[in-house]
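What follows is one structure encoded as structure tokens, with my remarks underneath.
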């Protein structure tokens, strides 16, 4: 019979049959361009399925078939041979079961241990009362007044900040909302991070992780006592989570992102942390920050400028100078394209934002003197969550740490 009929009778795909043929487990005769499957093929296939059901791998089955086909065993020899290999496989599986039961027991212990710990929020994160004096109207730069404030533990959880010019900003569940991208409420769960990791190229993840580690190891967080820090584009919080434990309790960390759902997710995660830090969540466009001038001591630009650069010609940090103190520190990670394809997603007018020389010149023009820098390895693939470069394009990360 032909391969189609053979696969249909045995309820296996043609690809599976061909795979067995490629391994010489099934040896059909060939008539012209067609393969013919006979009773011997059927018997071999039945044996394959029986051996597989007992846990034998295809390479083991192939060795068994060699012995069976070449040795011309008598019935007694065949029985003794099968008895020997079955007993060996039985012992192997018995050992695997013993190991799996041990693994299962350890997993049960860990699940019980984790389940016994509270996953409830240990505290609410809101806008610290003292931080309000650092804020102002994003439109006219005037002072803001708290209206209808719900205050818990010296933090504003809900309320409004009003300006005499008529501007009004809402504080919703501890997040100051100046403006946000138009989006429906979406509860982001922990599986989002798992999904991000599973669907992002491993080399890309390695470079991102190494960049964060280099920044972390080159920053002495103990020197940031009583400092005000600003992160541009906190996202799901990969960078902030790495820093969180070591942020001084006397400092202020302002996390800015225009995606309210990402803010809610990150805030919820940090509320379960053992230590309390003064984190201020602001949902806003980078150019519309309700922060008074000369407030920021340390600027974390972890791809914030790069993401901005996909849609704007100017270098983002030039537009944020009024918020940053003359004596300040810059810690940044920037996307650099080694090359652009003809059909690149990055418009030509924005491509200079992804040039290492342009980035370095822009940072230098702001007066920052390099303390450390690092260039990551090249990557040529991102994944569904990092689709900003095309096949054939290569990118890397330029890491900078400087002071002025």
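Values in this text are rule-based calculations from the coordinates and carry no lab data. In this text, all values refer to a predicted model and were calculated from it rather than measured experimentally. Cβ: placed from backbone, ideal geometry, glycine included. Neighbour counts: every protein chain shown.
Key figures
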quantity: Separation between Cα centres of region 304-319 and region 41-90, rounded to whole Å; calculated: 66 Å
quantity: Nearest 10 degrees, 0 to 90: helix 58-71 Cα axis against the chain principal axis; calculated: 10 degrees
quantity: Ranked list, fewest to most other Cβ atoms within 10 Å of each Cβ, for 391, 381; calculated: 391, 381
quantity: Between 0 and 90°, nearest 10: helix 75-116 axis offset from the chain longest Cα axis; calculated: 20 degrees
quantity: R0 of 45 Å, Cβ-Cβ distance residue 210-residue 165: FRET efficiency to nearest 0.05; calculated: 0.45
quantity: Calculated FRET efficiency for the pair residue 221/residue 338, C-beta based, R₀ 41 Å, to 0.05; calculated: 0.80
quantity: Sequence of 21, 106, 243 once ranked by neighbouring C-beta atoms within 10 Å, starting from the fewest; calculated: 106, 21, 243
quantity: Added length on full extension, which subtracts the Cα-Cα distance from 0.36 nm per residue, residue 18 to residue 102; calculated: 26.4 nm
quantity: Relative contact order (%) - the chain, alpha-carbon pairs under 8 angstrom, separation at least six; calculated: 13 percent
quantity: Part-to-part distance (alpha-carbon centres) for region 341-374 and region 92-142, which is given in Å; calculated: 36 Å
quantity: Order of 191, 228, 16 - criterion: other Cβ atoms within 10 Å of each residue's Cβ, fewest first; calculated: 191, 16, 228
quantity: Helix 356-365 vs. the chain, principal-axis angle (Cα, 0 to 90°, nearest 10); calculated: 20 degrees
quantity: Simple spin-label estimate for residue 90 and residue 11 in nanometres, 7 Å along Cα-Cβ; calculated: 2.9 nm
quantity: Theoretical gain in end-to-end length, residue 238 to residue 43 [0.36 nm per residue, Cα-Cα removed]; calculated: 64.5 nm
quantity: Förster-model FRET efficiency, 45 Å R0, residue 385 and residue 83, C-beta, rounded to 0.05; calculated: 0.25
quantity: Evaluated at q = 0.13, 0.14 Å⁻¹: base-10 log I(q)/I(0), Debye formula over Cα of the chain; calculated: -1.09, -1.22
quantity: 222 nm mean residue ellipticity, helices alone, for the chain (DSSP H n ≥ 4; -39,500 (n - 2.57); rounded to 500); calculated: -11500 deg cm²/dmol
